[in-house]
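A quick write-up on the structure given underneath.
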Amino acid sequence: MSEAFKTTFAGRDVSVKTNYLAGQADGSALVTYGDTVVLVTAVSLKSKREGLDFLPLTVDYQEKTFAAGKIPGGFFKREARQNEKEILTSRIIDRSIRPLFPEGYVHETQIVATVLSVDAENDSDIVAMLGASAALCMSDIPFKGPIAGVRVGRVDGKLACNPSTGEMGESDLDLFLVGRKVPSADGKRDFDVNLIMLEGGASEIPEDEILDAISFGLEAMRPAIELQDTICQAVGKAKRAFEPDEISEELQQRVRDVAYDGLKEAYLEGRKLERYAQRDEVKKKMIAELSQEEAGLDPKARGVFEDLEREIIRNMIMVEGRRIDGRSSKDIRTITSEVGILPRAHGSGLFTRGETQALVALTLGTSSDEQRLDFIGGEEMRSFILHYNFPPYSVGEAKFLRGPGRREIGHGALARRALLPLLPSHEEFPYTIRLVSEILSSNGSSSMATVCGGCLALMDGGVPVKDTVAGIAMGLLKEGDEVVILSDILGDEDHAGDMDFKVCGTKKGITALQMDIKVDRLAEDILKNALYQAREGREFIIGKLNETMTTPREGLSAYSPRITTMTVKQEKIRDVIGSGGKNIRGIISETGVSMNVDDDGTVTIASSDAQSSERAVAMVRALTEEPEIGRIYEGTVKKVLDFGAFVEILPGTDGLVHISQLDNKRVEKVTDVLNEGDTVRVKVIDIDRSGKIRLSRKDALE
């Protein structure tokens, strides 16, 4: 029997209906928030996949176009590959729930969130997050929930929870927070809400104001979490029995005896590939030695080996006070950067930090190059595009080159969000901007290298960015009350640590954030210290970037298109385009420019050749120009009559030269002076109310 549970969430009603749809899933929730409706299902197989040492979790958020009353485009007229929002929302849900499954749980698990209806007021990603948590909590799948997500905006200096699409358009802050119910720290409340995931952007907002927004968002989650408690008490299933594979103390000791000294020595090597080579030799030796003693220990021994790695790294940092590459907790790796290394690109930046290296190339285009994104909530035209590529050679591997995966899409979106607030307005700089980041070498925070290299490429290309932007990845190690915050983390430190926190911005404030937390409770003072330590690191990196370039170049690359914009009256647009596009095609063919005409009469002409642009502008003006009384034109005789001649002074615009206006002396016959096809200089002497034009050759002669 289905049941509906309701509460008020951010000032609007939200309901969760259970046991209503998808009855064969382990858990399903139909969540309604305004007119936005999302069905979320959770299924986890009872049988586990042997030999796995990770959770095989798949999260798929999918938007159905019927949810917005639309029919898909394309030949097949059905939904196809995921769009960017679907991928990013799937990643957000995955990153939020993955750490909340018990350690050692290796059962195939899938979350499917399907958007069935959508309105313009309530974000479907907020609804999907609530549904994912509710479906897991009410099911028999082991899960340390409930959790909830909120979007925090700020309009006119006032924080808002789950603002509407219109309000977000005016907001200088966009934070997506996910929090988890934990026992109250001081016993004053029923429970606390602890931050577990953060994703967002801001318009150079200071750290203190970001902290206020996070606290505001966590408090706003309470109704959604309390609603799930009510659901679980009413219809929740008993959690299935789960016991992780038992690993004996004897096996743990045997692995330690064989591998500890070799691993310890390997992690004294600062260079990544050399360190990995030493580690792999130790692992190979361990597996060979233990396999001789007892068959079937390989998967368990590998798990113990990874735990031992984590222990060594954490002990090295927290007890010995040194990191893998010898740095202190606040030190940044050696940074070098260059610009202008790609001669034909419109701008380029090479950023190297330690063993992480990103080459970012800039291409400038016209409005016709804008990216068109079709979401169920509406269409978006994007004039700033950032693509992030992570080829296998960047980590010393050899694999097939595939299209970008979810990780590449996510990293590119984060870097784009970091740079976007510092770009000039489209009116100030009417170009489509595309950045492509090629990660050439990776050992931690390649997305942050993309931000730094991207800023250099923009400045090298003459894009008038407002300030220098940099990014840094922070880490955390927490054992009891002891906490170590790490600046500029390596890949190994990320794997062994308790937090991955990426912060981007200028010296003035933050432009983008991304955080994933593995510990059960993150105190506010730890988050505050991490933000301020990140600011120190960010300012240091900005200083290094400024050693290469402090301000954008004065001019554009010689190979960049020059864009000229002009405005014509809307009724003249058809004259520019011509019948079937004849006129605009003629201009493009004759001058070689790129040209676009908007519905408001804005004409954009782009060319790397200044003379071609000038010719195109002159041709557009000729097509749209209106005659002026007193002005002299050079026209073509189109028709000769007994009383005068009709002369075309502008394309499609002609006037009459009466026989009395042909010459200073008497003219007996028009053909004595003019014949069809002649070129003649004439002056406009009158335009009547109906638009008829009177011309004079006589006055033009004077």
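In the condition set (1) more than 27 Å from residue 491 (Cα to Cα); (2) touching a strand residue (DSSP E or B) at 6+ places or on another chain (Cβ under 8 Å), residue 207 is compliant with all but (1). Assess whether residue 58 counts as being touching a residue at least 60 places away in the same chain (Cβ under 8 Å), assigned by TED's automatic domain parsing to the domain that holds residue 148, within 27 Å of residue 176 (Cβ to Cβ) and among the polar types (S, T, N, Q). For residue 58, the condition - touching a residue at least 60 places away in the same chain (Cβ under 8 Å), assigned by TED's automatic domain parsing to the domain that holds residue 148, within 27 Å of residue 176 (Cβ to Cβ) and among the polar types (S, T, N, Q) - is not met. For the stretch 596-637, a residue qualifies if it is touching a residue at least 60 places away in the same chain (Cβ under 8 Å), under 41 Å from the mean Cα position of the chain (by Cα) and assigned to a strand (DSSP E or B), and the qualifying residues are 596, 604, 606. Regarding residue 285, is this residue of a type outside the set (Gly, Ala, Ser), closer than 24 Å to residue 395 by Cα and at pLDDT below 90? Here the answer is yes, as residue 285 does meet what is asked.
The number of residues in the stretch 330-344 that are of a type outside the set (Asp, Glu), surrounded by fewer than 17 Cβ atoms within 10 Å (Cβ to Cβ), farther than 16 Å from residue 271 by Cα and touching a strand residue (DSSP E or B) at 6+ places or on another chain (Cβ under 8 Å) comes to 3. Examine the stretch 24-43 for a residue that is surrounded by fewer than 24 Cβ atoms within 10 Å (Cβ to Cβ), without any contact (Cβ under 8 Å) to a residue 24 or more places away in the chain and more than 26 Å from residue 217 (Cα to Cα), and state whether such a residue exists. Yes - at least one qualifying residue is present in the stretch 24-43. Among residues of the stretch 195-216 that are touching a residue at least 12 places away in the same chain (Cβ under 8 Å) and closer than 14 Å to residue 511 by Cα, those with a beta-carbon under 7 Å from a residue that is aromatic (Phe, Trp, Tyr) and in a helix (DSSP H, G or I) at least six positions away or on a different chain give the pairs 207/532.
Selection of the stretch 475-502 for residues being under 19 Å from residue 272 (Cα atoms), touching a residue at least 40 places away in the same chain (Cβ under 8 Å) and either of a type in the set (A, V, I, L, M) or in a strand (DSSP E or B) (or both) yields 486, 487, 489, 490, 496. Here residue 551 meets each of (1) in a strand (DSSP E or B); (2) within 29 Å of residue 470 (Cβ to Cβ) with one exception, condition (1). A count restricted to the stretch 638-683 and to residues that are more than 60 Å from the chain's Cα centre (by Cα) and of a type in the set (Ser, Thr, Tyr) stands at 2.
Scanning the stretch 353-378 for residues that are part of a strand (DSSP E or B) and within 18 Å of residue 458 (Cβ to Cβ) gives 358, 359, 360, 361, 362, 363, 364, 365, 371.
Of the listed requirements (1) at pLDDT below 95; (2) in a loop (DSSP other than H, G, I, E, B); (3) among the small types (Gly, Ala, Ser), residue 25 misses just one: (1). Restricting 227, 218, 177 to those that are outside any helix (DSSP H, G or I), under 22 Å from residue 14 (Cα atoms) and modelled with pLDDT of 95 or more reduces the list to 177. Test residue 538 against the stated conditions and say whether it is modelled with pLDDT under 95 and among the basic types (Lys, Arg). No: the conditions fail for residue 538.
Just one residue in the set 507, 528 is assigned by TED's automatic domain parsing to the domain that holds residue 355, outside any strand (DSSP E or B), in contact with a Lys or Arg (Cβ under 9 Å, 6 or more places away or on another chain) and not β-branched (Val, Ile, Thr); that residue is 507. Flag set for residue 396, criterion: of a type in the set (Gly, Ala, Ser) and in contact (Cβ under 8 Å) with a residue 60 or more places away in the chain. Taken as a whole, the structure leaves residue 236 outside the set of residues that are small (Gly, Ala, Ser), crowded, with 22+ Cβ neighbours inside 10 Å, out of contact with any Asp or Glu (no Cβ under 6 Å at 6 or more places or on another chain) and touching a residue at least 24 places away in the same chain (Cβ under 8 Å).
The values are calculated or read from the model by the stated rules, or taken from the named source; none is laboratory data. Keep in mind that this is a model prediction, so the values were computed, not measured. No Cβ is skipped: glycine too gets one built from the backbone with ideal geometry, and neighbour counts run over all protein chains shown.
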